[in-house]
Structures are given as C-alpha cells and as structure tokens.
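**Q** Take a look at this one; I'll ask things after.
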Amino acid sequence: MAMLEICNVQKTFRTDAKPGLHAGIFHRPGARKAAHELQVLRGVDLTVEKGDVVAILGPSGSGKTTLLRCLNFLETADAGQLILDGESFDLAHANRADIARLRKKTAFVFQNYNLFRNKTALQNVTEGLIVARRMPKEQADAVGMKMLAKVGLADRADSYPRQLSGGQQQRVAIARALASDPEIIYFDEPTSALDPELTGEVLSVMRQLAEEGMTMLVVTHEMGFARNVSSKTVFMENGVVVEQAPSRQFFADPKEERTREFLRKIAHTE
Amino acid sequence: MFEAFFSNRTVSVLAEALPRILTAGLTMTIPLTLVSFFFAMIIAVAVALVQYANVPVLRQIARFYIWVIRGTPLLVQLFIIFYGLPSVGIMLDAFPAAVIAFAFNEGAYCAETMRGALESVPQGQLEAGYCVGMSWWQIMRRIVLPQALRTAVPALSNSLIGMIKDTSLASNITVAELFMAGQRVAARTYIFLPIYCEVAVVYLLFCTVITKLQALLERRLNAHGFQ
C-alpha cells in the first residue's frame with residue numbers, strides 16, 4: 001500500500017480570500033462581485049511510496065507550491081482527500097485535532113527558510129520537540145545536536161538565523177524538519193532563494209537524506225536534482241498533473257507533448 | 001532678571017524644595033508611572049492580540065475602546081473617573097483612580113503600537129510554528145510576541161517617557177506627585193520661575209534615565225543576535 005495518496009485536490013483563489021484585510025471602513029459591499037477567481041488546483045492525484053523522492057516540476061503558477069501547502073493545511077483546499085499511512089484526512093474539512101495529527105507525521109521546508117528569528121539554530125530545531133511534543137529539554141538538545149551534526153552545522157548551534165548564510169539557514173531548517181522524525185518531508189522550492197554555490201550545499205544534504213531512505217516530496221526547479229536524485233518526477237501545469245513517471249523514464253522518454261516542450265525549453269538553461 | 005535666580009532667598013528655597021520634589025517624584029510619580037504602564041502593557045497586548053487574531057465580537061470592542069480613548073483628552077478621562085464616578089456610587093482614592101485612567105489611556109495607544117509590531121512579524125514565522133506542531137497560542141507566546149515586543153521597544157519607550165510627564169496631570173485629582181510638590185512650594189513662597197524650572201529639570205532627569213535604560217536594553221537585545 002502506498003504511504004501517501006492524495007486524490008482530487010482542488011483549490012480556487014479569490015481576491016477577497018483574505019478576510020479582514022480590506023474589511024475596514026472603506027470596504028465597499030459591492031466589491032465582492034468584482035472579486036477575481038483563479039482555479040489553481042483542478043483535481044490533483046498523486047501517489048508516494050515509502051522511500052520515494054518525488055520531484056514536482058512545472059512552470060510558475062502551475063499550482064505546485066499551493067498543492068504542497070494544501071497537503072499540510074497551510075492552505076485549506078476546496079476539495080481533496082489525503083491518505084497517510086492508512087489514515088484518511090479530508091483536506092477541505094479538517095478539524096483542529098486532524099490537522100495536529102497530520103502535522104505530527106509530516107515536516108515542511110520553506111523556500112525562504114522561515115527559521116524562528118528569535119531562536120538560535122539549536123533552539124530552532126528543538127522548539128517543536130519541547131513545546132509541541134513535550135520532550136524533556138536535555139533529550140531534545142541531544143536530538144537537536146545530532147540533527148545539526150547531520151546537516152554539518154553542529155558548530156553553529158548557538159548562532160541566530162541572521163548570523164547564518166542562506167544555505168546554512170536552509171540546512172538548519174532541514175535539521176528542524178528531521179528532528180520530529182516525520183514520515184514524509186515536503187520541500188517547497190528549497191533552493192530557489194540561494195545562489196548556485198549555496199544551492200549545492202543544500203542539495204547535497206537532500207541527496208544524503210534520499211540515500212538514507214527518507215520519503216520526500218520536493219517542489220523544485222533544479223533539473224539536476226529531479227533527474228539524478230528523485231525516484232519519480234511529476235510535471236504539473238495549470239493545476240493538473242500532466243505526466244508522472246519514474247525519473248529515468250520521465251527524462252528519457254516523456255509521453256506527453258507538453259512535457260517534451262517543457263524539457264526542451266529547460267534544456268537551454270541547463 | 002538673573003537676580004531672581006541667584007538671590008540668597010531663591011537659592012535657599014530651591015535647596016529646601018529639591019528634596020520635597022525629588023521625594024514626591026520617587027514615591028509618587030515613578031510608582032504611578034510604572035504601575036500604570038504595567039497595566040497599560042497588559043491591556044495593549046490583549047487588545048492588539050484580539051485584533052491580530054480577528055476575534056469577532058472582541059475585535060469590535062477593541063476598536064471602540066481605542067476610538068473612544070484616543071478621541072478624548074486624558075484630563076477629561078481623569079476627571080470622569082475621579083470626580084464623575086462617585087455620582088454613580090463608585091468612589092475611588094486618587095491614586096487608584098489615576099492608575100486606571102493612565103493605564104486605559106496609554107493602553108489604547110500602546111495597543112496600536114503592538115498591533116503594528118505583531119503585523120510586522122512575517123507570516124512565515126507562524127507557518128513554521130504550525131509545521132513543527134505548535135498551537136497558535138504557543139507560537140504567539142514563544143515566537144511572534146517576543147519578536148513583536150523587540151520591534152516595539154523604541155515606540156513603547158516613547159510612550160513610557162510620555163507617561164512620566166503626563167502623570168503631572170494627576171495633580172488635578174489631588175495626587176501629591178512631583179508637580180504638585182513644586183506647586184505647593186511656589187504658592188507658599190511666590191517664587192515661580194525658579195521652582196517650575198527646578199520641577200522641569202527633575203522631569204528631565206527621570207526621562208534621561210529612562211532613555212539610557214532603553215539604549216541599554218536595545219544593546220543587550222542586539223547582542224543576543226535578536227533583531
């Protein structure tokens with residue numbers, strides 16, 4: 001049985017989707033009618049096996065990031081189902097307990113790291129363990145140091161995020177994700193904010209995780225990573241999955257014309 | 001004109017008044033300021049959080065509170081609480097009445113400072129907290145509020161300095177604070193200019209100390225890599 005199955009995820013953005021933001025005294029009651037609607041996800045299905053490293057490719061605006069955010073309830077989908085480890089979740093109507101249970105089994109690495117700015121590298125890694133999982137501090141510190149060592153940053157444990165380079169911050173974020181011992185880690189364009197040199201250090205940590213059998217779902221623009229590290233590649237456009245295949249097959253013999261066109265365009269930049 | 005300052009009588013009156021003014025300042029003005037500011041901060045954080053979290057009814061109450069307090073003079077608020085409330089059966093001593101007025105007044109201004117500071121914390125900080133399994137409250141207490149408070153330190157110090165001086169209004173509701181101590185000496189001796197200048201210098205002294213403490217606090221926070 002697949003470890004993670006997602007079925008028919010749908011999401012529409014509306015320009016008035018952020019309640020309260022424009023609801024001040026100048027809010028016009030008629031404004032809602034003019035609200036713009038954009039269907040970002042039009043029914044996405046995806047299956048991830050244990051130990052899979054799935055790369056999600058696609059042009060900007062294809063819904064890759066939104067999909068990932070829906071899977072962790074950072075956005076609420078309009079429809080969709082997620083089955084993780086045999087446990088089913090309704091992505092459109094989850095209660096607080098469901099959300100907490102799902103998030104306990106997953107971890108998320110953001111494009112812009114999102115390290116807690118008022119915490120040191122080590123505290124960033126241990127915060128969730130101590131506060132959310134009620135782990136004793138000594139034990140959490142031991143786990144934290146082990147995870148920092150794993151990403152090669154044990155010597156920067158007491159540094160604050162602003163004292164670290166982008167690549168180091170992202171590696172701390174990966175250590176933070178690993179600390180909770182998740183079933184799967186979602187990566188949302190983890191290297192897009194980094195220059196090529198720093199990208200390399202983050203990718204090599206991710207490659208190491210892949211070799212250790214960590215299950216990962218990675219939204220990325222790094223073709224090298226998709227081609228050489230991921231076991232499966234998914235191509236998304238306009239809110240649907242256009243093609244998904246084992247990575248070797250995906251790059252050697254893409255079935256869909258649109259995929260071939262995308263890969264041809266990318267080839268110029270590689 | 002300078003004889004007024006340097007005549008023997010003026011100098012001896014100023015010297016005699018100084019301990020009274022300082023004592024009133026240390027035993028009344030400073031406690032009144034600190035106690036009021038403490039409660040103002042509690043009100044400010046609560047009122048800012050209610051708006052930040054968009055709690056339906058409480059949010060409207062918070063906006064109404066800020067609207068009323070910021071739209072009416074502090075002196076009028078003091079008079080309503082001390083001279084007005086007894087007619088509906090609420091009798092308060094001068095000091096608690098002053099604390100209530102100052103706390104609610106300053107709370108409204110600091111609430112806006114705190115709301116701005118809360119909104120300046122990137123949304124990603126909250127999302128990262130959710131993703132490691134923390135609850136909204138845990139994220140507020142341990143991640144967002146500490147960052148917001150750090151951002152708010154300069155503006156809150158401003159408010160605190162403003163409040164020290166505003167407490168002089170409490171003399172109008174019989175609180176025997178710094179300004180009233182000066183007023184009494186002036187009324188008794190008819191030496192106005194030197195005495196009120198002395199009062200001003202003591203306020204200046206208190207505010208200088210607060211300013212220095214603010215600089216010290218910011219340096220410490222920055223040394224902690226925390227910005």
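**Q** Which whole-number percent is the relative contact order of segment B:1-223 (Cα, under 8 Å, 6+ apart)?
**A** Numbers: 216 pairs, mean separation 67.8, N = 223.
Relative contact order comes out at 30 percent.
**Q** If one computes the Cα centroid of segment A:138-166 and of segment A:215-241, what distance in Å separates the two points?
**A** The two parts, judged by their Cα centres, are 28 Å apart.
**Q** Quick check on segment A:56-183: take the gyration tensor over C-alpha atoms, sort the square-rooted eigenvalues as a ≥ b ≥ c, and tell me if it's rounded (a/c under 1.5), prolate or oblate.
**A** Verdict is oblate for segment A:56-183.
**Q** Taking the Cβ of each residue in A:K50, B:K212, A:K64, A:K11 as the centre, tally the other Cβ atoms inside 10 Å and list the residues starting with the fewest.
**A** Ranking A:K50, B:K212, A:K64, A:K11 by Cβ neighbours within 10 Å, fewest first, gives B:K212, A:K50, A:K11, A:K64.
**Q** What net charge is computed for the residues neighbouring B:I69, neighbours being all others with C-beta under 14 Å from the C-beta of B:I69, Lys and Arg scored +1, Asp and Glu -1? Please report the intermediate quantities before stating the final value.
**A** Numbers: positive: B:R63, B:R70; negative: B:E106, B:E112, B:D166.
Value of the local net charge: -1.
**Q** Fewest Cβ neighbours within 10 Å first, please rank A:S159, A:S88 accordingly.
**A** By the 10 Å Cβ count, ascending: A:S88, A:S159.
**Q** As a test, work out the antiparallel percent of DSSP beta bridges whose residues both lie in chain A, rounded to the nearest 5.
**A** Working: 24 of 41 bridges.
About 60 percent, rounded to the nearest 5.
**Q** Moving on to the next point. Where is the GNM fluctuation largest for chain B (alpha-carbon springs, 10 angstrom cutoff): B:V47, B:V175, B:V202?
**A** Result: B:V202 has the largest fluctuation of those listed.
**Q** A:S165 to A:T76: FRET efficiency via 1/(1 + (r/R0)^6), r the Cβ-Cβ distance, R0 45 Å, to the nearest 0.05? Provide the component values of the computation, followed by the final result.
**A** Working: r = 35 Å, r/R0 = 0.77.
The calculated FRET efficiency here is 0.85.
**Q** Under the rule a/c < 1.5 gives rounded, and otherwise a/b versus b/c splits prolate from oblate, where does segment B:1-223 land using the Cα gyration tensor? Write down the numbers at each step before the final one.
**A** Numbers: a/c = 3.46, a/b = 1.79, b/c = 1.93.
Note, shape of segment B:1-223 comes out oblate.
**Q** Which whole number in µm²/s is D for the protein assembly as shown by Stokes-Einstein, with the Kirkwood Rh taken over Cα pairs at 10 °C and 1.306 mPa s?
**A** D, rounded to a whole number, is 59 µm²/s.
**Q** Continuing with this model, one more query. Name the shape class, rounded, prolate or oblate, that the alpha-carbon gyration tensor gives for segment B:43-141, where a ≥ b ≥ c are the square roots of its eigenvalues, rounded holds for a/c under 1.5, and otherwise prolate holds if a/b is larger than b/c and oblate otherwise.
**A** Judged from the Cα gyration tensor, segment B:43-141 comes out prolate (a/c at least 1.5, a/b above b/c).
**Q** Could you pull out every residue, at least 5 positions away or on a different chain, whose amide H is within less than 5 Å of the one on A:F187? Hs are placed 1.01 Å off N in the peptide plane, and Pro or chain starts have none.
**A** A:V109, A:L217, A:V218, A:V219
**Q** Work from the charge dipole of chain A (Cβ charges, +1 for Lys and Arg, -1 for Asp and Glu, about the Cα centre) and give the residue of A:L217, A:P196, A:G144 farthest towards its positive end.
**A** The residue sitting most towards the positive pole is A:G144.
**Q** For A:A175, what charge total do you get from the other residues with a beta carbon under 10 Å from its beta carbon, if Lys and Arg give +1 and Asp and Glu give -1?
**A** Once positives and negatives cancel, what remains is +4.
**Q** Taking the Cβ of B:A98 as the center, what net charge do the other residues with Cβ under 13 Å away carry, scoring Lys and Arg +1 and Asp and Glu -1?
**A** Net charge in that neighbourhood comes out at -4.
**Q** Take A:H36, A:H221 and order them by how many other Cβ atoms sit within 10 Å, fewest up front.
**A** A:H36, A:H221
**Q** Additional query: Dividing the convex hull volume of the alpha carbon atoms of chain A by its residue count, what do you get in Å³ per residue?
**A** Measuring per residue, one finds 160 Å³ for the Cα hull of chain A.
**Q** Using only alpha carbon pairs under 8 Å that are at least six residues apart, calculate the relative contact order of segment A:51-197 and give it in whole percent.
**A** Relative contact order for segment A:51-197 comes out at 28 percent.
**Q** Could you let me know the centre-to-centre spacing of segment B:54-83 and segment B:112-187, using Cα atoms, in angstrom?
**A** With segment B:54-83 and segment B:112-187 each reduced to a Cα centre, they are spaced 17 Å.
**Q** I need the chymotrypsin sites (Phe, Trp or Tyr not before Pro) found in segment B:120-227, filtered to DSSP loop residues with at most 12 other beta carbons within 10 Å of theirs.
**A** Sites meeting the loop and neighbour criteria: B:Y190.
**Q** Determine the alpha carbon to alpha carbon distance for each of A:K105/A:K150; A:K232/A:K255; A:K150/A:K232; A:K50/A:K255; A:K50/A:K105; A:K11/A:K255 and list only those over 23 Å.
**A** On the way: A:K105/A:K150 20 Å; A:K232/A:K255 14 Å; A:K150/A:K232 25 Å; A:K50/A:K255 25 Å; A:K50/A:K105 13 Å; A:K11/A:K255 27 Å.
Long pairs (Cα-Cα over 23 Å): A:K150/A:K232; A:K50/A:K255; A:K11/A:K255.
None of the figures in this text is laboratory data; all of them are computed from the coordinates on show. None of these values were measured; they are calculated from a predicted model. We place every Cβ from the backbone using ideal geometry, glycine too, and count neighbours over all the protein chains shown.
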